[in-house]
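Trainee: Take a look at the following structure, please.
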Amino acid sequence: FPNQQPAGYPSVEHAPFGFGGAPSGHRGMAFHFLIIGGGIGGLSSALALRQAGMSVAVYERAPQFGEAGAGVTMTPPGLRAMAGLGLEKEVLELSDNVARTAFYQWDTGEFIKTSEPAEGATVMDQVRVLHRTDLHKLLLERAIAAGAEVYTDHAFVGLEQDADGVTARFAGIGL
């Protein structure tokens with residue numbers, strides 16, 4: 001049952017009844033990671049786990065991926081995380097540098113200070129902004145290319161654990 005994704009998004013399919021095999025290099029133990037939520041965090045985790053050789057499935061409740069939110073501000077730790085996933089070049093191409101950041105008191109709106117990049121700061125020391133959809137598409141494409149299973153239209157409702165493992169339950173899906 002392939003889902004129709006908006007233009008520019010890779011297609012994803014409904015989940016099969018069962019999980020993939022065990023990854024290599026884990027002394028015969030079958031590790032399969034199930035990630036609930038196909039947002040930026042879920043897809044980043046899926047990509048990192050696949051790069052480590054783990055079997056991963058991502059379940060998203062939305063019927064399809066598409067435009068969500070507006071902008072993302074990425075600070076240096078976030079840039080380093082994206083670089084660790086092998087996405088430094090793409091993220092830098094998709095983003096713009098923030099020349100000055102203003103800080104305000106959260107409850108009063110009172111101005112506190114501004115901050116500018118330090119003299120001689122590298123591009124990885126800067127604060128960057130990019131469109132959320134651009135980052136999400138990049139992560140989705142890379143997670144799928146790395147072998148992560150990604151399923152839409154799966155609303156997680158609970159799980160059961162016993163000696164044999166964990167069974168995830170999704171609304172309207174008989175898994």
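Trainee: How are the alpha carbon pair distances in region 44-119 distributed across 5 Å bins from zero to the largest one, expressed in percent?
Mentor: 3, 10, 14, 16, 19, 14, 10, 9, 4, 1
Trainee: Further question: Could you work out how much longer the chain between GLU116 and LEU34 gets when fully extended? Use 0.36 nm per residue separation minus the Cα distance between them, nm to one decimal.
Mentor: 25.5 nm
Trainee: Any chance you could list the semi-axes, whole Å, largest first, of the equivalent ellipsoid that the Cα gyration tensor gives for region 52-93, using √(5λ)?
Mentor: 22, 19, 9
Trainee: Related question: Computed over the Cα atoms of region 52-175, what is the convex hull's projected area averaged over all directions, in nm²?
Mentor: Hull-based average projected area comes out at 11.7 nm².
Trainee: Quick one: net charge around ILE36, please, counting Lys, Arg +1 and Asp, Glu -1 for every other residue with C-beta under 15 Å from its C-beta.
Mentor: -2
Trainee: Go ahead and run the numbers for FRET between ASP107 and ALA48, Cβ-Cβ distance against an R0 of 41 Å, rounding to 0.05.
Mentor: Taking R0 as 41 Å, the efficiency between ASP107 and ALA48 is 0.70.
Trainee: Given the convex hull of the Cα atoms of region 100-147, what is a quarter of its surface area in nm²?
Mentor: Mean orientational projected area (region 100-147, Cα hull): 5.5 nm².
Trainee: Follow-up question, since we're still on this one. With the convex hull built on the Cα atoms of region 127-174, state its orientation-averaged projected area in nm².
Mentor: Average projection, Cα convex hull of region 127-174: 5.9 nm².
Each reported figure results from applying straightforward, stated rules to the coordinates on display, with no laboratory input. From a predicted model like this one, the values you see are computed outputs, not experimental measurements. As a convention, Cβ positions derive from the backbone with ideal geometry for all residues, glycine included, and neighbour counts pool all protein chains shown.
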